[in-house]
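A.B. asks: One structure, as structure tokens, below. Some questions next.
The values are calculated or read from the model by the stated rules, or taken from the named source; none is laboratory data. None of these values were measured; they are calculated from a predicted model. Glycine gets a Cβ as well: all are built from the backbone with ideal geometry, and neighbour counts include every protein chain shown.
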Amino acid sequence: MSPQRPSYAVYWRENRRRWYLFFALWIGFVPFAFVVSRLRDDDTLPNWAFWSWGILWLWSGTRLGPKKCPRCGRPFLRRGWYSNGFALKCMHCGLPRGAETDPDWSPPK
């Protein structure tokens, strides 16, 4: 049986899911605020609703971006003190962001 090319599809799918949650919470605040304010008689958004939504949105923001590279296991966006939130490849091993398989993989001989 020959070794299989490593697959990172599950890792990147989870990363995309986090981005979708973040943007859904960001965009969904206006409809949420409208519905909650309509449920009240005084047309004001209750503080608990505002703060709970904001905390949920901030929490989802902390989970954005790849934390560890699926290939080397080191921080994807950071190298030492230097951090690049827009990096398109791992700062250590060079794995492209979103690569579903390892482009540099070759079967052992």
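A.B. asks: Looking at the range 4-37 only, could you name the residues that are surrounded by 12 or more Cβ atoms within 10 Å (Cβ to Cβ) and among the aliphatic types (A, V, I, L, M)?
C.D. replies: Selection gives Ala9, Leu21, Ala24, Leu25, Ala33, Val36.
A.B. asks: Just one of (1) in contact with a strand residue (DSSP E or B) (Cβ under 8 Å, 6 or more places away or on another chain); (2) at pLDDT 85 or above trips up Lys67, so point out which.
C.D. replies: Only one criterion in (1) in contact with a strand residue (DSSP E or B) (Cβ under 8 Å, 6 or more places away or on another chain); (2) at pLDDT 85 or above is unmet by Lys67, namely (2).
A.B. asks: Here is a further query. Any idea which residue in the range 79-109 is farthest from Leu64 (Cα to Cα), counting only those that are of a type in the set (D, E, K, R) and at pLDDT 85 or above?
C.D. replies: Looking at residues that are of a type in the set (D, E, K, R) and at pLDDT 85 or above, I get Arg79.
A.B. asks: Would it be correct to say that Gly94 is in a loop (DSSP other than H, G, I, E, B), of a type outside the set (S, T, N, Q), surrounded by 10 or more Cβ atoms within 10 Å (Cβ to Cβ) and touching a residue at least 40 places away in the same chain (Cβ under 8 Å)?
C.D. replies: no
A.B. asks: Take Leu45 and decide whether it is out of contact with any Asp or Glu (no Cβ under 6 Å at 6 or more places or on another chain), at pLDDT below 80 and surrounded by 10 or more Cβ atoms within 10 Å (Cβ to Cβ).
C.D. replies: It is true that Leu45 is out of contact with any Asp or Glu (no Cβ under 6 Å at 6 or more places or on another chain), at pLDDT below 80 and surrounded by 10 or more Cβ atoms within 10 Å (Cβ to Cβ).
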